[in-house]
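Questions regarding the structure given below will be posed in turn.
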Amino acid sequence: MTQTAAAPLNPLETLDLHIADGRVDWAALSHEQLHDLIRGARQRIEDIEPREPTEGLLQRSLMLEETARSFAPLQHRYTGLLKDAFDTPKLRSTVDLPKGKTPFRDATDMLAKTHGIRAYEASGRTKIAVAMTPKRASDPERDDTVAVGETKLPILGAIQAQGNIHPSKLSSALNMINAVDQEAEAAGKDQEYRDNLQRLVEKDLAGRIGATSPEEFSHYVSNKKKDILASIDPADKKFTQGQTDAMHSAWCEGTVRGNQNAYKWVIITDAEGNEAFKTIEATANNPRAKDDDEQEFDSRTRGQRSMHAFRDAIKFALANLSNSDLRGANGAHTQMVVMADYPTLMEGVRRELAELLPDIEAEQRERLLAMLAEAELAKEIGDSPEDEDVENGSLIPAPNARVTGKTARELELDGEVVTLPPPKTPDISAILHDDNLDRLQPRISQGIYTPYMPPDALLRMLCDVSVSPVTLTGRRQVLSIGRKQRKFSESIRRAILARDRGCTVPGCHWPAAWCELHHVIPWSQDGETSVENGTLMCSHHHQALHAKMLHIERVDGEIQFRLHPLLDPAQQPRKNYFWQS
């Protein structure tokens, strides 16, 4: 006879309510009991809701939405209290954190990580808590112009406290008010002008926030902000330096119509930058620049020639950062890094060889490919000046990497033969029986920030002085300089950067250019300076690791972390899936 597991008891059935004079003594209930009551009520509503549409369905759904939204003011209040506790060292104990280094960058990071919400949502809650909830005496950043118990934005604060407006609309209103105030300050307006403008804008937004949909309100806010900013601009267009500086910016709007090889950038530059851009554009489109004996027709448009010139100029600058102040983490120069899946790249080369040499047998082509691959490996091994031994001036031996056998499908690394894994494929039907979803990859190469690099770009970049080609095969050690020096060499740094792509701590989104190198096994504990014993960490998590706020270990060849108990009470080793997906 099949036994079914008993359904868990509803918290309402186990809740011990104190009755006084025939009524529930609500004041006697603890926070835990009140939350059990709320969860029990939620479960009870779910239990009694029919499994198919019935009369009153819309009304019941709206009641649930209103009830859920009514908790938003309390969420914002908690956010303000959490911010106070984090920002005040003597109050850190109330959130189980030390006075010094913590696992979190700031209060917003703590809110996002502990509550399992997106960073932008945590940021929105924090901004609303600061501007639309009553000021607290415990707030170390409290503005002296707003008394304890009062609200910076009293009209919107009162609306927020009612709990019937979606937080996204409150965030839109707040972002506009802040943007307008910043522009007024940059324009040199005095405090009285800014305060009056803030009250005017707040009153206007409050009158529309409840009578519009989120889309309508967002559209209104966007248009009204443009009108107000235009009215602040000087009529003679003699902008202040603050206004001018605020205009300068650059951002990527993403792909054009979803094309992974076409990105749209918006750049607002100063006069010096404009002259530089114009000079490059003019050079790229000079009709007299071609030599007389060059007869090849350039079919590119003016815009295409300009884009290629800008791209190449930036790449040239990256290759010459030693002459600039633009630095990477730990003083290392920032470089473009392109990662390629070696077996997939080799498979593409095989197909090209078959097309170029159709009359040669496949076995002979494999031997030719093996010879070419081994010649390239020998070239790379002999060209490693950055790995120079600082103790005796001789080059540190590179790994004994060579192609073995009759094909290029095996490599010998440090005396051990490594069989290359099967190539990647964009066809999921080809791997249904492999039990290896990692083979599904619609690209053979990618950058740190760019998910797709076309083959022609990859081959061109391999010859580029501003690009560091790095080949990683498997989880084993690829490069090593052993114990002879503590500092990571340039070649090892590039290999780790290509492998990790960013901070390896779970939940961190900082890219490789912002990170530092860390010895997994400390140098002081005989840890080697190698790819296998190195990992990328942002400065915050690097310091948190040394402050014992998290712990690093190697699990099945992978670097993983045990996070602070506030983030992972089970203390299970975890990896970063943002960069390593």
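The values are calculated or read from the model by the stated rules, or taken from the named source; none is laboratory data. Bear in mind the structure is a predicted one, so any value in this text is a computation, not a measurement. Cβ atoms come from the backbone with ideal geometry, glycine included; neighbour counts cover every protein chain shown. What goes into the accessible areas is simple: the full protein's heavy atoms, side chains included, and nothing from ligands, DNA or RNA. Shrake-Rupley method; radii C 1.70, N 1.55, O 1.52, S 1.80 Å.
Looking at this model, which pairs from K99/K135; K83/K575; K90/K169; K315/K424; K169/K225; K152/K238 are more than 26 angstrom apart at the alpha-carbon?
K83/K575; K90/K169; K315/K424; K152/K238
Another question, then. Out of the GluC sites (Glu not before Pro) in segment 136-190, which ones are loop residues according to DSSP with at most 16 other C-beta atoms within 10 Å?
Values: sites: E141, E150, E183, E185; in loops: E141, E150.
Sites meeting the loop and neighbour criteria: E141, E150.
Related question: For segment 9-144, which whole percent of the accessible surface, found with a 1.4 angstrom probe, sits on carbon and sulfur atoms?
That share works out to 55 percent.
Here's a follow-up. Can you give the accessible area of W514, probe radius 1.4 Å, in Å² rounded to 10?
Surface open to solvent at W514 totals about 140 Å².
I've got another one for you. Using a 1.4 angstrom probe with every protein chain in place, what is the largest-first accessible-area order of M549, M537?
Ranked list, largest accessible area first: M549, M537.
Summing +1 for each Lys or Arg and -1 for each Asp or Glu, what net charge is found among the other residues whose Cβ lies under 14 Å from the Cβ of D16? Working shown, then result.
On the way: positive: none; negative: E13, D25, E32, D36.
With Lys, Arg at +1 and Asp, Glu at -1, the neighbours total -4.
I would also like to ask the following. Between K189 and M63, what is the FRET efficiency for a Förster distance of 60 Å, r being their Cβ-Cβ separation, to the nearest 0.05?
Once rounded, the FRET efficiency stands at 0.80.
What is the calculated FRET efficiency for D233 to N178, with r their C-beta to C-beta distance and R₀ = 25 Å, to the nearest 0.05?
The computed FRET efficiency comes out at 0.85.
Return one whole number: the accessible area per residue of segment 195-266 in Å², for a 1.4 Å probe.
In whole numbers, segment 195-266 has 68 Å² accessible per residue.
Tell me the per residue accessible area of segment 502-578 using a 1.4 Å probe; a whole number in Å² is fine.
Normalised by residue count, the accessible surface of segment 502-578 is 45 Å².
Something else about it: Please state the relative contact order of segment 8-161 as a whole percent: Cα pairs under 8 Å, 6+ residues apart?
15 percent
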